[in-house]
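Just below is one structure, and these are the notes that go with it.
The values are calculated or read from the model by the stated rules, or taken from the named source; none is laboratory data. All of these numbers come straight from a predicted model, not from anything done at the bench. Cβ placement follows ideal geometry from the backbone for every residue including glycine, while neighbour counts extend to all protein chains displayed. In case anyone asks, the SASA skips ligands and DNA or RNA and just uses the protein heavy atoms, side chains included. Shrake-Rupley method; radii C 1.70, N 1.55, O 1.52, S 1.80 Å.
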Amino acid sequence: MKRKYKYFIVGAVFAVWIIFFDQSNLIDWGTALADLSKQRAEKQFYEREISRIRQQLRELQSNRDSLEKFAREQYYYLEDGEVIFIVEENKR
C-alpha cells in the first residue's frame, strides 16, 4: 500500500512541477499559443488592408477621374471658385 502512495505523490509532484514551475510550463505554453493566434489574425487583417490599398493605388494611377475624386473626398481639394460644405453625421 505504501508503494502506491509513493508513486501517486511522485506523479502529483511531477505534474505540479510541469504545469507551474518548469521553464516551458503549460501555462506559458497556453499564453504563447493564444498570442500566436492573435498575431495570425492581425497578419491576415494587414494582408487584406495591403491588398486593398494596392488595388486603390493601381486605380488612382490609371484613372485621372478617380484620382480627382480621391483627392476631393480625402483631402477636401477644390477648384477655384468652388465652395464645399462638409456634412458630418452625429453618431449617437
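Couple of notes before you dig in:
- Solvent-accessible surface of the range 11-92, averaged per residue with a 1.4 angstrom probe and all protein chains in place: 98 square angstrom.
- Computed accessible area, residue 6, all protein chains, 1.4 angstrom probe, square angstrom: 140
- Folded to 0 to 90 degrees: helix 26-62 orientation relative to the chain principal axis, Cα: 20
- Cross-link partners of residue 69 among aspartates and glutamates (Cα-Cα below 17 Å; sequence separation of 8 or more within a chain): 59, 79, 80, 82
- On the principal axes of its alpha carbon atoms, the chain extends 98, 36, 17 Å, with the longest extent given first.
- Think of it as helices only: each DSSP H run of n ≥ 4 in the chain is worth -39500 (n - 2.57), and spread over all residues that comes to -24000 deg cm²/dmol at 222 nm.
- Sulfur and carbon atoms: percent of accessible area, the chain [1.4 Å]: 57
- Computed over protein heavy atoms with a 1.4 angstrom probe, the accessible surface ordering of 65, 28, 22, largest first, is 65, 28, 22.
- Restricting the range 54-92 to GluC sites (Glu not before Pro) in coil, as DSSP defines it, with at most 13 other Cβ within 10 Å: 79, 82, 88, 89
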